[in-house]
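The values are calculated or read from the model by the stated rules, or taken from the named source; none is laboratory data. Keep in mind the model is a prediction, meaning the values are calculated, not measured. Every residue, glycine among them, receives a Cβ derived from its backbone with ideal geometry; neighbour counts consider all protein chains shown.
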Amino acid sequence: MLRVADAEPLGGQERFWALDDLPAAERFDYWRSVICEAYTPLTPRRRLTAPPAGVAAGFADWVRSVPLASTQLTEIASLAQQNIHGAREVSRTSVDAVFVNLMLEGSCVGSQDGRDCVIGRGEFALFDATRPFTLDYPESWRALSFRVRRSELVHLIEQPDTFTATTHTTRVPGGACAAITAATMTAIWSGAMSLEQSAAASTNTAFMTLLSSCIDSAGVLAGAPDHDAQALVRASVNRYLAAHLQHGDLSVGVVARRFAMSPRKLHALYEGHDLSFAQTVMRLRVEACARDLENGSGAVSLTSVASKWGFCDLSHLNRVFRAHMGCRPSDFRAKAQDAAAAAL
């Protein structure tokens with residue numbers, strides 16, 4: 001049954017799904033038709049294995065979820081199964097998201113983009129919901145899954161098309177970054193409920209920076225043949241921009257000096273890509289505004305949001321926001337509030 005926490009915490013409303021109230025014979029159908037659809041479209045296939053000691057016959061599952069700014073944090077516990085996110089499920093996916101799955105107990109075999117990976121306890125891998133993937137759990141398992149916005153992640157990494165279905169582990173040279181990222185995920189999960197809105201937004205930004213650095217460092221250590229030095233620098237610049245949107249000077253000259261290059265060289269890093277340097281900065285500002293509009297209360301004025309994220313005035317924000325998002329900030333916030341109310 002779906003159970004929602006009685007009080008809304010500072011970091012957002014916690015949701016808890018559990019199947020223990022249902023007859024054993026109905027639990028898997030509920031999991032398949034309700035819970036999988038609520039999180040992301042998945043088609044689960046049950047493995048015909050005996051339940052572990054102390055677990056009643058049927059299907060035992062629970063899911064606990066809480067938002068952290070634009071990221072959805074979820075802890076999941078379940079029995080052996082295979083979850084398929086195929087072409088039909090992709091077509092029903094309403095949010096362009098990437099899942100960062102950290103195994104706490106058990107293991108998972110993940111497949112996407114022609115790659116397979118085995119994720120053991122304390123390890124994590126990423127899966128892009130805009131394309132098909134499968135997750136195969138051969139035994140009872142428990143995992144943390146962070147659903148991050150794809151648009152916020154891909155411009156922070158060097159190779160946005162090759163980061164999926166790769167195990168990030170401490171069992172390889174240079175695995176310290178993976179260990180730090182995994183530890184950060186568990187720390188964020190344990191403290192997310194107590195974070196104020198501004199702290200949650202800062203924590204989310206810091207996590208995205210750490211995650212993208214971990215992805216890029218894994219690619220360098222693996223010696224990927226299509227590794228692109230310019231792309232790696234560009235991803236580093238983008239991470240710097242994302243981390244300094246609110247308080248940093250992001251002019252071409254200042255950013256170029258930060259990375260020991262000329263302004264011309266900085267501009268050249270973005271040649272041949274969808275967005276120039278200036279357009280990248282503006283896109284990051286718009287996305288930051290969108291996160292505030294989605295997660296903040298209606299009491300915060302649009303003028304305050306514009307000032308916070310570096311826009312000259314509300315007119316400037318309206319013009320740029322519409323160009324990037326296809327609607328005015330006020331319409332975007334109203335739609336987000338309607339969606340949040342409908343989910344309650």
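When residue 287 is tested against the conditions (1) of a type in the set (D, E, K, R); (2) modelled with pLDDT of 90 or more; (3) within 23 Å of residue 199 (Cβ to Cβ), the lone failure is (2).
Determine, yes or no, whether residue 266 is outside any helix (DSSP H, G or I), aliphatic (A, V, I, L, M), at pLDDT 90 or above and out of contact with any Asp or Glu (no Cβ under 8 Å at 6 or more places or on another chain). Let's see the steps before the verdict.
Working: outside any helix (DSSP H, G or I): no; aliphatic (A, V, I, L, M): yes; at pLDDT 90 or above: yes; out of contact with any Asp or Glu (no Cβ under 8 Å at 6 or more places or on another chain): yes.
Taking the combined requirement at face value, the residue does not satisfy it.
Looking only at residues in the range 310-324 that are at pLDDT 90 or above and hydrophobic (A, V, I, L, M, F, W, C), the one that is farthest from residue 275 (Cα to Cα) is 314. Among the residues of the range 128-148, those that are closer than 28 Å to residue 287 by Cα and either over 10 Å from the mean Cα position of the chain (by Cα) or surrounded by fewer than 17 Cβ atoms within 10 Å (Cβ to Cβ) (or both) comprise 129, 130, 131, 132, 133, 144.
In the range 186-197, the qualifying residues are those that are among the aliphatic types (A, V, I, L, M) and out of contact with any helix residue (DSSP H, G or I) (no Cβ under 8 Å at 6 or more places or on another chain), and the one that is surrounded by the fewest Cβ atoms within 10 Å (Cβ to Cβ) is 187.
Listed by first and then second residue, the pairs with beta-carbon distance under 6 Å, at least 6 apart or on different chains, first residue in the range 107-130 and farther than 15 Å from residue 42 by Cα, second charged (D, E, K, R), are 109/136. Considering the range 242-275 alone, what residues qualify as being within 19 Å of residue 232 (Cβ to Cβ) and of a type in the set (Gly, Ala, Ser)? Residues satisfying the conditions are 242, 243, 256, 260, 262, 268, 272.
For the range 299-314, the criterion of being closer than 17 Å to residue 70 by Cβ and not in a helix (DSSP H, G or I) is met by at least one residue.
Within the range 84-127, the only residue that satisfies the criterion of being acidic (Asp, Glu) and surrounded by 20 or more Cβ atoms within 10 Å (Cβ to Cβ) is 123.
For the range 149-185, a residue qualifies if it is in a helix (DSSP H, G or I) and surrounded by 15 or more Cβ atoms within 10 Å (Cβ to Cβ), and the qualifying residues are 150, 152, 153, 154, 177, 178, 179, 181, 182, 184, 185. Residues in the range 293-323 that are of a type in the set (Val, Ile, Thr) and either exposed (fewer than 14 other Cβ atoms within 10 Å of the Cβ) or under 15 Å from residue 281 (Cα atoms) (or both): 303, 320. Only one of the numbered conditions (1) among the β-branched types (Val, Ile, Thr); (2) in contact (Cβ under 8 Å) with a residue 12 or more places away in the chain; (3) part of a loop (DSSP other than H, G, I, E, B) is violated by residue 281, and that is (3).
So which pairs qualify, if the first residue must be in the range 140-154 and under 16 Å from residue 208 (Cβ atoms) and free of Cβ contacts under 8 Å to residues at least 60 places away in the same chain, the second must be of a type in the set (A, V, I, L, M, F, W, C) and in a strand (DSSP E or B), the Cβ gap must be under 6 Å, and the two must be at least 6 apart or on different chains? From the range 140-154, the pairs are 150/97; 150/98; 153/98.
Each row is one residue, and each column tells you yes or no for (1) over 17 Å from the mean Cα position of the chain (by Cα); (2) part of a loop (DSSP other than H, G, I, E, B); (3) within 24 Å of residue 146 (Cβ to Cβ); (4) modelled with pLDDT under 85.
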position: 8; (1), (2), (3), (4): yes, yes, yes, yes
position: 25; (1), (2), (3), (4): yes, no, no, yes
position: 31; (1), (2), (3), (4): yes, no, yes, yes
position: 35; (1), (2), (3), (4): yes, no, yes, yes
position: 60; (1), (2), (3), (4): yes, yes, yes, yes
position: 90; (1), (2), (3), (4): no, no, yes, no
position: 98; (1), (2), (3), (4): no, no, yes, no
